[in-house]
Every structure is written in structure tokens, then in C-alpha cells.
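The values are calculated or read from the model by the stated rules, or taken from the named source; none is laboratory data. Since the structure is predicted, the reported quantities are computational estimates derived from the model, not experimental observations. Cβ atoms come from the backbone with ideal geometry, glycine included; neighbour counts cover every protein chain shown. The protein model used for the area step is the full one, side chains on, heavy atoms only, and it has no ligands, DNA or RNA in it. Shrake-Rupley method; radii C 1.70, N 1.55, O 1.52, S 1.80 Å.
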Amino acid sequence: MIPLTVRQVAEVTGLPVPDAGDPAVDDVVTSVEFDTRRVVPGALFVALAGQRVDGHDLAGAARAAGAVAVLGSRDLPPDAGLPLLRAADGTAVLDALAALARHSVTELVRATGLTVVGLTGSSGKTSTKDLVAAVLRAGVAGADPERGGSPVDPATAVVAPPESFNNELGHPYTVLRADASTRYLVLELSARGRGHIAALTRIARPRIGAVLNVGSAHLGEFGSVDAIAQAKGELVEALPSAAEGGVAVLNADDHRVLAMASRTAARVVTVGTGDADVRAEDVTVDDLARAGFRLVTPQGSAQVRLAVAGVHQVGNALSAAAVGLTVGMSPDAVAGALSAARPASRWRMEIRERPDGVTVINDAYNANPDSVRAALRSLATIGEHRRTVAVLGEMGELGDAARDAHDAIGRLAVRLGIDQVIAVGDGARALYLGAHLEGSWNGESRLVPDVDAAVAAVLETVRPGDVVLVKASRAVGLERVAQALLADGPGGDPAGDAGPPAAGDSA
């Protein structure tokens, strides 16, 4: 963020200035944190009241770590020793955070030419964000090493969300990580209903926006796939005009996304495997489900060999390629960056192999029908000549479509020849029944009540050389199954890192 005094932060956010006679109001804020473990000197600590911990009670710990003020909604403990920027309630705290982020990014765009890139879609946002960031970092590294007389560090010149920070808290938090050294700010934009993406674009208006797909994730909240498309299109509606440099990257393989071309004044760049401006030709998939393809662009073509698993990553890579080309990278540079990119976010098609040959595919961060279908197809590819096990939990927020969606996944697993399906929890009962009715009558599918039972079942089932997929919505917590598998193997790694906190399961 741009440096501001505590007094200036109050003015920007519209909150009362803390005791005007306190010299602390002239202390300079240089960062924002809501986790005391990440607070550094100069931080504004955002006190949030969670289900288990109230951040206001941690103000003293924040001060000890170097915080200079607190943004919160109630009185601090007497020994906190920090000025309080007080909002009316938790919602007003988030509104103030958004106002601060809007002010900071607007000044950076004006003063430094910062480019904001926004991504949305029903699935693949985080994987695509990681690919876009990798491409842009490669572009920065290969460009003029000077900006304003200072060396450019690709690691800080491109800011992207940690994990899936894409909602009303994570979005402004990510925006505020950009500073005067940042060239590109890459943002995920999620929604739980209409108007949510539009609100996020008002915090940081993207110049480049990419819509990946429109699927059935969170169908229960939106009501229909068309309503989801309406919400996703809010991103392209917010882009500047073509004359102002606005660019909309649209997936031509998804007819609902392609139709968004009529909703934007920005220049439209289409991506896809068919008739598109930036397209993939001659797609191949190796035995670890990693795709290769020829990247064809108006500027020329180049060969890509992805290091991330899943043929669905081709579409994600094309969107990242279009962003790189838009900012002036060559096809060769883009292809090299995509080929060099490695998985950057935990529990998303994270593949590890035990010494006994068991391959564990930990894709447990989240799940929706589209992403589970893609993961099962990757499992079938990787395990083409091996025994395959799918440990699958509930896909949340599907509303009235939940039963049919889970039934279809169970049936798909059988059709793909998955050898063993372990459905976890009552929310996955329809998945188990779908697999059973499709033909897994001899114990190839089973239903277990919870994660502990799933751990026991998979450890009992797995054999050396098997390939095991673990996938469910975030709330199920199936990463524990993958961790148990990796700890159980010969020379096993306990993999006990609980990973990042969920920043929201919005679509």
C-alpha cells in the first residue's frame, strides 16, 4: 500500500481520527494485516471477531509485533496501547478496508502505471491466477531491469492473492499488498450472488479482465447457470474501453462466456481450442496428466509443455497466455513461462509419490461438479495402467441440484474405470449410490461416515503402486486423508501443515 499516517487512514476510510492529541496519529502505516503472526513494523492491524478468536483481544500482540494502529469495531483491552480506528460493526470494518484499498490502488495506478488484472470463473480461478502471475513475473524478469532507477524484483513486481483470497476480506487485503514497486496486481474475483463482483471491481478496477468459464458451482446460491453468467459478466462490464486500454479475455469454448463480448466496451481477446484469437492446437497429455500443446497467437506460435496436472489446465494456460501477450510479451516468452510454472497453491492437483509407488493427488481445497469431473479424468489418465482410488466428499452449495450432481459424479467414476470409490459423509451419499447403480456392485464403492473413517478406509485399501485422488469441498477437510496417506508410506512425511485458512468458498 502507499504509506499513510494513521490520521490519513482515518480520513480515507471516513472514520473518526483517534485522539488528535496523541502523537501516534502521525505514525506511518505501510501494511495491513488481520493475523498477528504476519504483523510487521508499520502495520495496521485489522481486528475481526471470529467464531473462536476476537481480534480485538490480540491488539497487544499486534503492538508487540510492530503494529501502529488498529482498525476495529469495539474497545480494545486497556493495555493495547494503540490508536483505534473505530467502525460501527464488522461490516463497517470491511467497508473501511475496501475504502483504504481503493485509495491506495488508485494512487498507484495514477503515479506508477500499475496494471490491474482481474480473473473470475466458476472453477480454475486460483490455478489460473498462479499461471498469470508466473507469466507476468517472467515478463518482468526479461524486461528492462530498471523502473524509476530501482532494480526490479519479479517476486515483488507482481502481486497476486495468497491462496484463494478473493472475497470482501481477501480482495482488499491483496490490493493493499501492492506498493510503488508493483507493476502488476493480479486479483481473483468471486461471488455469492449478483453484484458481488461489481463491488470488488469498484475497489480495484481491472484494466485486463479474464472470464474462464460458467459452471454449476454454487448453483444453490445463484439459482441458475444463467444467473451465474450474469454475475461473472460484471467483470467485463467494469473494464475500461478499448480506447482506454481495456482488454477482456473470454473463453470461446464456453458459449456463455463468449456471449459476454456484447457486455463490454473493452477490446475482446478470445481463447480456446477452436476458433479463437489465442488457441491451443495439437493437445497431448502425458502419463501424469500434464498437457502439451502448440500455442497459436496473432504474433506467432510456440510449444508449451505444462508442468501442472490436468487437461483442463489448457484453458487456464490460454487465459494466462492472453494476459502475457496483452502486456507485450512474445509467444516464445509466454510459452517458456507457462512450461516453467509449477503448482503454487496447496491442495490443488498437488501430486506426491510415496517410496512404495503410491501416488497421492491432493485436490482437497475445494470442489464443484466441473472440477471433480476434471480431477477424475486426470486420475484415470495417471492411473491408466495402475489401480485407482477416488476419495470423494460433498460438493457444497449446489442447492436443489445437489443430489443429481453427486449421482452423476459417482456414475462418471465408474464409467472412467476408477477401481475404488470411497464416498465420505452423508452429503456424498448420492455419489455412492450413483456409483453403485452404475455398476460397482462388488465393493468397488463404499460410503463412510466421516473423515476419520475415510482415513481408516483408504489406509486399509491402498496398495503399493496405487493412484489415490482426494477431493471435496473445503468444509469437508479431506486434506487429512492425503496427509495420512503420505505419513503412512515407507519413510512417510507427516505433511501435517494444516495449510492456509479458507478465504471464502465463493464462486
Subset of segment 34-61 (residues that are surrounded by 17 or more Cβ atoms within 10 Å (Cβ to Cβ), part of a helix (DSSP H, G or I) and among the hydrophobic types (A, V, I, L, M, F, W, C))
L58, A59
Counting just the residues of segment 237-275 that are hydrophobic (A, V, I, L, M, F, W, C) and in a strand (DSSP E or B), which one comes out nearest to F293 (Cα to Cα)?
V271
Listed by first then second residue, the pairs whose first member lies in segment 92-112 and is open to solvent by 20 Å² or more (accessible area, probe 1.4 Å), whose partner is of a type in the set (G, A, S), with beta carbons under 6 Å and at least 6 positions apart or on separate chains, are T112/A180
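Residue by residue, here is whether (1) of a type in the set (A, V, I, L, M); (2) surrounded by fewer than 23 Cβ atoms within 10 Å (Cβ to Cβ); (3) out of contact with any strand residue (DSSP E or B) (no Cβ under 9 Å at 6 or more places or on another chain) holds:
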residue	(1), (2), (3)
A335	yes, no, no
A367	yes, no, no
E384	no, yes, yes
T388	no, no, no
I409	yes, no, no
D419	no, yes, no
G427	no, yes, no
For segment 303-312, does any single residue satisfy the condition of being modelled with pLDDT of 95 or more, of a type in the set (A, V, I, L, M, F, W, C) and either open to solvent by 10 Å² or more (accessible area, probe 1.4 Å) or over 25 Å from A375 (Cα atoms) (or both)?
no
Search segment 208-226 for residues being at pLDDT below 95 and open to solvent by less than 10 Å² (accessible area, probe 1.4 Å), and hand back the single one that is nearest to the chain's Cα centre (by Cα).
A217
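Please tell me if V257 is closer than 17 Å to D370 by Cα and not charged (D, E, K, R). Talk me through it step by step, then tell me what you get.
Values: closer than 17 Å to D370 by Cα: yes; not charged (D, E, K, R): yes.
Judged against the criteria, V257 is a match.
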Pairs under 6 Å by beta carbon, first residue over 15 Å from L200 (Cα atoms) and modelled with pLDDT under 95 in segment 160-189, partner surrounded by fewer than 22 Cβ atoms within 10 Å (Cβ to Cβ) and not β-branched (V, I, T), six or more apart or different chains?
E163/S345; E163/P500
Say we look at segment 349-365 and pick out the residues that are acidic (D, E) and more than 14 Å from R474 (Cα to Cα); which of these is most open to solvent (accessible area, probe 1.4 Å)?
E353
Taking segment 433-444 on its own, how many of its residues are open to solvent by 60 Å² or more (accessible area, probe 1.4 Å) and free of Cβ contacts under 8 Å to residues at least 12 places away in the same chain?
2
Where A380 falls short, out of the listed (1) under 16 Å from V470 (Cβ atoms); (2) small (G, A, S); (3) open to solvent by less than 10 Å² (accessible area, probe 1.4 Å)
(3)
Just checking, how many residues over segment 190-199 are buried (at least 17 other Cβ atoms within 10 Å of the Cβ) and either free of Cβ contacts under 8 Å to residues at least 60 places away in the same chain or farther than 20 Å from A367 by Cα (or both)?
2
Give the number of residues within segment 62-87 that are modelled with pLDDT of 95 or more, of a type in the set (G, A, S) and open to solvent by 40 Å² or more (accessible area, probe 1.4 Å).
1
Filter segment 429-444 for residues that are more than 15 Å from D419 (Cβ to Cβ) and of a type in the set (A, V, I, L, M); the one that is modelled with the lowest pLDDT is L437
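Look at L447 and say whether it is on the phi < 0 side of the Ramachandran plot, at pLDDT 95 or above and open to solvent by 10 Å² or more (accessible area, probe 1.4 Å). Spell out the reasoning first.
Values: on the phi < 0 side of the Ramachandran plot: yes; at pLDDT 95 or above: yes; open to solvent by 10 Å² or more (accessible area, probe 1.4 Å): yes.
In short, yes.
Do we find that A344 is small (G, A, S) and open to solvent by less than 60 Å² (accessible area, probe 1.4 Å) in this structure? Steps first, answer last, please.
Numbers: small (G, A, S): yes; open to solvent by less than 60 Å² (accessible area, probe 1.4 Å): no.
Spelling it out, it is not the case that A344 is small (G, A, S) and open to solvent by less than 60 Å² (accessible area, probe 1.4 Å).
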For segment 399-423, pairs from a residue that is aliphatic (A, V, I, L, M) to a residue that is in a loop (DSSP other than H, G, I, E, B) and buried (at least 16 other Cβ atoms within 10 Å of the Cβ), with Cβ under 6 Å and 6 or more apart or across chains, are A405/L398; V414/S440
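To keep it simple, each residue is scored yes or no on (1) within 25 Å of S73 (Cβ to Cβ); (2) in a strand (DSSP E or B).
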{"position": "R102", "(1), (2)": "yes, no"}
{"position": "L108", "(1), (2)": "no, no"}
{"position": "L119", "(1), (2)": "no, yes"}
{"position": "T126", "(1), (2)": "no, no"}
{"position": "L136", "(1), (2)": "no, no"}
{"position": "F165", "(1), (2)": "yes, no"}
{"position": "E168", "(1), (2)": "yes, no"}
{"position": "P172", "(1), (2)": "yes, no"}
{"position": "T182", "(1), (2)": "no, no"}
Flagged in segment 463-478 as crowded, with 22+ Cβ neighbours inside 10 Å and either assigned to a loop (DSSP other than H, G, I, E, B) or at pLDDT 95 or above (or both), in numbering order, are D466, V467, V468, L469, V470, K471, A472, S473, L478
Could you tell me whether R202 is basic (K, R), open to solvent by 10 Å² or more (accessible area, probe 1.4 Å), part of a helix (DSSP H, G or I) and in contact (Cβ under 8 Å) with a residue 40 or more places away in the chain?
yes
Hits in segment 276-292 (condition: within 26 Å of A261 (Cβ to Cβ) and open to solvent by 40 Å² or more (accessible area, probe 1.4 Å)):
D277, R279, E281, V283
So, in segment 313-333, of the ones that are farther than 15 Å from T128 by Cβ and among the small types (G, A, S), which residue ends up surrounded by the fewest Cβ atoms within 10 Å (Cβ to Cβ)?
G328
